[in-house]
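The values are calculated or read from the model by the stated rules, or taken from the named source; none is laboratory data. Just so it is clear, the structure is predicted and the values come from calculations on it, not from any experiment. Reconstructed Cβ throughout: ideal geometry from the backbone, glycine too, with neighbour counts over all protein chains shown.
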Amino acid sequence: MIYSEYGKTGAKVSAVGFGGMRFDESKSNEENAQLLLYAQGKGINYFDTAPTYCGDTSEDIFGIALKQMADTRDSYYVSTKGMPVDFDTAGKARAQVEKSMKRLNVDRIDFYHVWCIRRVDQYELAMKKGGQYEGLMKCREEGLIGNIVISTHLPGEKIKNIISKNEFEGVLLGVNILNFPYRWEGIQAAYAAGLGVVAMNPLSGGLIPKHEDKFAFLADGDETPTQAALRFCINCPQITVTLAGFTTKEHIDTACTIADAAKPFTDEDIDRVRTHVSENMNALCTGCGYCLKSCPENIPIANYMQIYNEKVLFNPTEKEMLEKMKFNHEWGLLADRAAGAGDCVECAACEEACTQHLNIIERLKEMDAWEKTLKKK
Ligand code: SF4
Ligand code: SF4
């Protein structure tokens, strides 16, 4: 296992983190809890959960395991989260921290996340006077929390802006071998500022293991695309911890074997992957971001095109695509959009800039129709 310091916190954390979002819900909490003990035996010392994960059972599962791990409490780190939209006052934030501590069976949460910042106004809500951040600062002063960190789905440029304000010890963001160019600016900024960087979603929400045949080009030598994707995040020097959502002991073994091998990704390797992804994903948006500044209407083109990738790759039904759009409007890539697909004036500046030569205008028309259908519902 590789260990490194989480930003400037002094915490020496494992490169693989235990993500508590993919337990097998058909199993008992006690049975699932054994996975944490198994992971600890493999050298994992960063355990991340959140209220609501796995039908709101994840913190309870953690609580069962952490009680059994209490005699080694100083050897591992516990992380959980609270959303500013739910806990919008200092008092509510504190009550939620206490609730999580009780469920987790710990007297300290090492890393507490201002959770799921999808839009800048949600960040502003957390930071308002008398809001969540203020409550968390008080918790930190009293030793209930070790570090305050932010979990975000914002694009790199906006993450960079938040980081520059020096309010957080680290950042948790969704990054993987397919979408990293889109998040890279934020990762680099966090790393340069000395923050811990935790990667979630290293397997693109299960997309890579589910469709290994389509992603065969990611693998190097005899590794599988899944192993390549995990290796990308685990060994990336700018990423401190890669959270993998574990369902089985085999999942833990796979991730730990990669961390044990410690085959690093250099800057040259990252450039190679970037080119590789681009060359092998014809007709797909690679998230390179070259189109970002081209749009006079401020349409988040790359975000729309990343969603359209799903259509190109998996040929989903109209209904499935509408569901994906709905999810992305509420939680994902379109939550913070400044303009919609229907605002396109067909100037074609983005198509000229696009490294993949995508027919962006046509795709946006199709996506506009989906957005209109969603509005009618
Ligand atoms: S064609 Fe549409 S999406 Fe592309 S830059 Fe022009 S207005 Fe923006
Ligand atoms: S330039 Fe093309 S490939 Fe790159 S992010 Fe924009 S739409 Fe995607």
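List pairs: first residue in region 101-126 and in the same structural domain as LYS160 (by TED's automatic domain parsing), second residue of a type in the set (Phe, Trp, Tyr) and surrounded by fewer than 20 Cβ atoms within 10 Å (Cβ to Cβ) anywhere in the structure, Cβ distance under 7 angstrom, at least six positions apart or on different chains.
Cβ pairs passing all conditions: ARG118/TRP331.
When you scan region 311-341, how many residues do you find that are within 16 Å of ligand 1 (Cβ to nearest atom) and surrounded by 15 or more Cβ atoms within 10 Å (Cβ to Cβ)? First the steps, then the outcome.
If we filter region 311-341 for residues that are within 16 Å of ligand 1 (Cβ to nearest atom), which is where we start, we get 333-334, 337-341.
Filter once more, so that each one left must be surrounded by 15 or more Cβ atoms within 10 Å (Cβ to Cβ): 333-334, 337, 340-341.
Within region 311-341, residues that are within 16 Å of ligand 1 (Cβ to nearest atom) and surrounded by 15 or more Cβ atoms within 10 Å (Cβ to Cβ) number 5.
If you go through region 294-309 one residue at a time, do you hit one that is under 24 Å from GLY186 (Cα atoms), of a type in the set (Asp, Glu) and more than 14 Å from ligand 2 (Cβ to nearest atom)?
Scanning region 294-309, I find at least one residue that is under 24 Å from GLY186 (Cα atoms), of a type in the set (Asp, Glu) and more than 14 Å from ligand 2 (Cβ to nearest atom), so the answer is yes.
Checking the conditions here, which among ALA95, ALA126 is modelled with pLDDT of 95 or more and either more than 26 Å from HIS153 (Cα to Cα) or buried (at least 20 other Cβ atoms within 10 Å of the Cβ) (or both)?
ALA126
Let's see how each residue does on (1) in the same structural domain as PRO155 (by TED's automatic domain parsing); (2) among the charged types (D, E, K, R):
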{"position": "THR226", "(1), (2)": "yes, no"}
{"position": "LEU230", "(1), (2)": "yes, no"}
{"position": "ILE234", "(1), (2)": "yes, no"}
{"position": "ASP253", "(1), (2)": "yes, yes"}
{"position": "LYS263", "(1), (2)": "yes, yes"}
{"position": "GLY287", "(1), (2)": "no, no"}
{"position": "TRP331", "(1), (2)": "no, no"}
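Condition (residue is within 19 Å of the chain's Cα centre (by Cα) and small (Gly, Ala, Ser)) applied to region 29-51: is it met by at least one residue?
yes
Are there any pairs with C-beta distances below 7 angstrom linking a residue in region 354-365 that is farther than 16 Å from GLY289 by Cα and outside the structural domain of CYS344 (by TED's automatic domain parsing) to a residue that is among the small types (Gly, Ala, Ser) and near ligand 1 (Cβ under 10 Å from one of its atoms), with the two at least 6 apart or on different chains, and if so which?
Every condition considered, no pair remains.
Mind checking which residues of region 286-309 are hydroxyl-bearing (Ser, Thr, Tyr), crowded, with 18+ Cβ neighbours inside 10 Å and either without any contact (Cβ under 8 Å) to a residue 12 or more places away in the chain or assigned to a loop (DSSP other than H, G, I, E, B) (or both)? First the steps, then the outcome.
Step one: list which residues in region 286-309 are hydroxyl-bearing (Ser, Thr, Tyr), which gives 286, 290, 294, 304, 308.
So of that shortlist, the ones also crowded, with 18+ Cβ neighbours inside 10 Å come out as 286, 304, 308.
Scanning region 286-309 gives a single hit, THR286.
Residues are listed down the side, and each one gets a yes or a no for (1) in contact with a Ser or Thr (Cβ under 9 Å, 6 or more places away or on another chain); (2) part of a helix (DSSP H, G or I); (3) of a type in the set (A, V, I, L, M, F, W, C):
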position	(1), (2), (3)
ILE61	yes, yes, yes
ILE64	no, yes, yes
THR72	no, yes, no
VAL78	yes, no, yes
LYS81	yes, no, no
ASP86	no, no, no
LYS92	no, yes, no
GLN96	no, yes, no
ASP107	no, no, no
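Pick from region 102-159 the residues that are within 29 Å of ASN45 (Cα to Cα) and acidic (Asp, Glu): which of them is nearest to the chain's Cα centre (by Cα)?
Looking at residues that are within 29 Å of ASN45 (Cα to Cα) and acidic (Asp, Glu), I get ASP110.
With the condition kept exactly as written, say whether any residue in region 165-186 is surrounded by fewer than 18 Cβ atoms within 10 Å (Cβ to Cβ) and either among the hydroxyl-bearing types (Ser, Thr, Tyr) or touching a strand residue (DSSP E or B) at 6+ places or on another chain (Cβ under 9 Å) (or both).
Within region 165-186 (the criterion being surrounded by fewer than 18 Cβ atoms within 10 Å (Cβ to Cβ) and either among the hydroxyl-bearing types (Ser, Thr, Tyr) or touching a strand residue (DSSP E or B) at 6+ places or on another chain (Cβ under 9 Å) (or both)), the answer is yes, since at least one residue qualifies.
Could you look through region 33-59, keep only residues that are among the acidic types (Asp, Glu) and in a helix (DSSP H, G or I), and pick out the one that is surrounded by the most Cβ atoms within 10 Å (Cβ to Cβ)? Steps first, please.
Here is the first cut: in region 33-59, the residues among the acidic types (Asp, Glu) are 48, 56, 59.
Subsequent filtering for residues that are in a helix (DSSP H, G or I) retains 56, 59.
On the way: ASP56: 11, GLU59: 24.
That would be GLU59.
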